[in-house]
Structures are given as structure tokens and as C-alpha cells.
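Beneath this line is the structure, given in C-alpha cells, with notes to follow.
Rule-based calculations on the coordinates, nothing more; no lab input. Since we're looking at a predicted model, the values are computed, not measured. With ideal geometry, Cβ positions are generated from the backbone for all residues, glycine too; neighbour counts draw on all protein chains shown.
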Amino acid sequence: MGNPFFIVERNIQTLRPDEMKYYKPESEMSFALKESEVVIMTGTAIVNHSIDTILSFVSKGKRTAIIGPTASMIPDAFFERSVNVMAGVRILEPDLMIKILKQGALPTIF
């Protein structure tokens with residue numbers, strides 16, 4: 001949509017070459033989050049224990065979302081911490097998903 005954005009990532013190897021222009025190191029996270037109008041993070045922030053640090057830099061009233069397969073865990077706890085949206089994934093056809101993953105594909109819709 002043309003809005004400026006950035007990516008804060010601990011593991012820079014997970015970024016594609018075309019994403020590198022948006023990369024900011026973790027050392028710049030505090031400033032970047034304070035300047036943002038919207039914060040969207042993946043559920044990986046829960047898994048790698050960076051969620052508390054990230055949320056500590058997000059001011060109340062800022063639109064904040066946690067998205068991805070691990071995001072749907074205990075949503076009420078995050079709503080209490082000013083997260084507005086929890087967007088997880090629901091697999092409707094698990095056997096088909098496993099088959100596709102075994103074939104090396106990246107699923108989009110099941």
C-alpha cells in the first residue's frame with residue numbers, strides 16, 4: 001500500500017534479499033517501535049521470548065497485532081497487554097497439509 005515499514009529480526013539469515021532494505025537490527029528496535037503507528041509481529045516473538053521486550057516499547061493505544069500459527073495461544077493475556085489483534089491459523093484439512101509439506105511445498109490455503 002506504499003506505507004513505510006521495517007523488519008526487526010534476530011536471525012538475519014531468515015530474510016530474503018529483497019527484504020534486506022527494510023531490515024533494522026534489534027539494537028534499533030526501541031526507536032523504531034516508538035516511531036511506528038502500527039506494530040505487527042509474528043508469533044515467533046512468543047516462542048523466542050522477545051514478546052515482553054517488544055511490547056515494552058509499544059505505547060498504549062498503538063495498533064498492535066500478533067500473527068501466524070503460534071499467535072493464537074492464550075489471546076486474552078495479550079489483549080490485556082494492549083494487543084488489538086491475534087491472528088492465528090486454523091488447518092481445516094490436516095492430512096492434505098501434511099502431504100503438501102512432505103512434498104516440499106509452502107502451503108497458502110487449506
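Can you list residues whose amide H is under 5 Å from residue 64's amide H, if they're 5+ apart or on another chain and H is modeled 1.01 Å from N?
Hits under the 5 Å cutoff: 39, 84, 85.
Just give me a number: lysine pairs in the chain, eight or more positions apart or cross-chain, with C-alpha atoms less than 21 Å apart.
5
Once the stretch 43-110 is represented by equal point scatterers at the alpha-carbon sites, with solvent omitted, what log10 I(q)/I(0) does the Debye formula produce at q = 0.23, 0.25, 0.26 Å⁻¹?
Per q value, in the given order, log10 I(q)/I(0) is -0.95, -1.05, -1.11.
I need two numbers for the stretch 1-78: Rg to one decimal and Dmax as a whole number, Cα atoms only, in Å.
Using the Cα atoms of the stretch 1-78, the pair Rg, Dmax is 12.6, 36 Å.
Along Cα→Cβ, 7 Å out, is where each label goes; now give me the distance between the ones at residue 91 and residue 76 in nm to one decimal.
2.7 nm
Between residue 7 and residue 48, what length in nm is gained on full extension when 0.36 nm per residue of separation is reduced by their alpha carbon distance?
Details: separation 41, 0.36 × 41 = 14.76 nm, distance 1.61 nm.
Extra length available between residue 7 and residue 48 comes to 13.2 nm.
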